[in-house]
Amino acid sequence: ILNVEQSPQSLHVQEGDSTNFTCSFPSSNFYALHWYRWETAKSPEALFVMTLNGDEKKKGRISATLNTKEGYSYLYIKGSQPEDSATYLCAFFSGNTGKLIFGQGTTLQVKP
Amino acid sequence: NAGVTQTPKFQVLKTGQSMTLQCAQDMNHNSMYWYRQDPGMGLRLIYYSASEGTTDKGEVPNGYNVSRLNKREFSLRLESAAPSQTSVYFCASSEFQAAFFGQGTRLTVV
């Protein structure tokens, strides 16, 4: 069983706060770790695909890091805005099976 | 660009009825997936197909069957629907990169 865990489950912050979430995943049979943003009533959309240990990726105010040896990834949002309110999902892509397994998600609410 | 197209968008079934959810992608991806989304549980993998001609069970396969009809199409069948299968279903495709998702099917079993 592939276990992908995200924490916290939900987060409420004020506009302008910086925040971060954690995703933990198996360290064996690793191929890639994905981050997705999922807005209510829409479909998930990819933010990052990370494959190398030590990878850091950035898109605007959002960035992510990857540690494949210890099996965790962090997603950071700098200066949160109300439009950042969404559920953030991580997903582990297994190299030996081709499965793409998602964590339960972190729901972020940014108050103006 | 159509991307991933799922049909239908909404469906209400009676317990015991059967139905097939259709999914097609036009990105020439090898891998296709079916997920269900339930409150507080993220996306759970039902079945996946790593390439045309192959299908494998995911985390929650019981009560479902799939067919990878060709490279473009991957269908999900409920043979005898149960209330526990009330959920939102998402199809996705990928090619060793980010997955692209359909718009979802909201299924209610009464």
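The values are calculated or read from the model by the stated rules, or taken from the named source; none is laboratory data. Computed from a predicted structure; not experimentally measured. Reconstructed Cβ throughout: ideal geometry from the backbone, glycine too, with neighbour counts over all protein chains shown.
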Taking A:Tyr72, is it farther than 18 Å from B:Gly40 by Cβ, surrounded by 16 or more Cβ atoms within 10 Å (Cβ to Cβ) and of a type outside the set (Gly, Ala, Ser)? yes
Among (1) surrounded by fewer than 16 Cβ atoms within 10 Å (Cβ to Cβ); (2) at pLDDT 95 or above; (3) out of contact with any Lys or Arg (no Cβ under 7 Å at 6 or more places or on another chain); (4) of a type in the set (A, V, I, L, M, F, W, C), the one test that B:Leu21 misses: (1)
Log entry, pairs with first residue in the range B:67-81 being within 16 Å of B:Thr5 (Cα to Cα), second being assigned to a loop (DSSP other than H, G, I, E, B) and of a type in the set (Lys, Arg), beta carbons closer than 8 Å, six or more apart or on different chains, reads none
Condition first: in a loop (DSSP other than H, G, I, E, B) and either away from chain A (no Cβ under 14 Å) or not basic (Lys, Arg) (or both). Now tell me which residues in the range B:1-23 satisfy that. B:Asn1, B:Ala2, B:Gly3, B:Pro8, B:Lys14, B:Thr15, B:Gly16, B:Gln17, B:Ser18
I'm trying to understand the selection: among the residues of the range A:61-112, which are of a type in the set (Lys, Arg) and assigned to a loop (DSSP other than H, G, I, E, B)? A:Arg61, A:Lys69, A:Lys78, A:Lys99
Report, by residue number, each residue of the range A:20-60 that is outside any strand (DSSP E or B), touching a strand residue (DSSP E or B) at 6+ places or on another chain (Cβ under 6 Å) and closer than 17 Å to A:Thr106 by Cβ. A:Phe25, A:Glu39, A:Pro44
Lone unmet requirement of (1) closer than 21 Å to A:Asn96 by Cβ; (2) surrounded by fewer than 19 Cβ atoms within 10 Å (Cβ to Cβ) for B:Ser67: (1)
Are any of the residues in the range A:22-37 among the polar types (S, T, N, Q) and free of Cβ contacts under 8 Å to residues at least 40 places away in the same chain? yes
Inside the range B:45-110, counting only strands (runs of 3 or more DSSP E) that do not spill past its ends, which hold 1 or more residues that are within 23 Å of A:Val4 (Cα to Cα), within 14 Å of chain A (Cβ to nearest Cβ) and in contact with a Gly (Cβ under 8 Å, 6 or more places away or on another chain)? B:87-94
Condition set assigned to a loop (DSSP other than H, G, I, E, B) and among the polar types (S, T, N, Q), scope the range A:1-19, selection modelled with the lowest pLDDT: answer is A:Asn3
Go over the candidates A:Ser28, A:Ser10 one by one and state the one that is of a type in the set (S, T, N, Q), over 23 Å from A:Ser80 (Cα atoms) and surrounded by fewer than 16 Cβ atoms within 10 Å (Cβ to Cβ). A:Ser28
Within the range B:24-36, restricting to residues that are at the interface with chain A (Cβ under 9 Å from one of its Cβ atoms) and within 30 Å of A:Ser10 (Cβ to Cβ), the one that is surrounded by the most Cβ atoms within 10 Å (Cβ to Cβ) is B:Tyr35
Could you please let me know if A:Leu52 is away from every other protein chain (no Cβ under 11 Å) and either more than 16 Å from the chain's Cα centre (by Cα) or crowded, with 19+ Cβ neighbours inside 10 Å (or both)? no
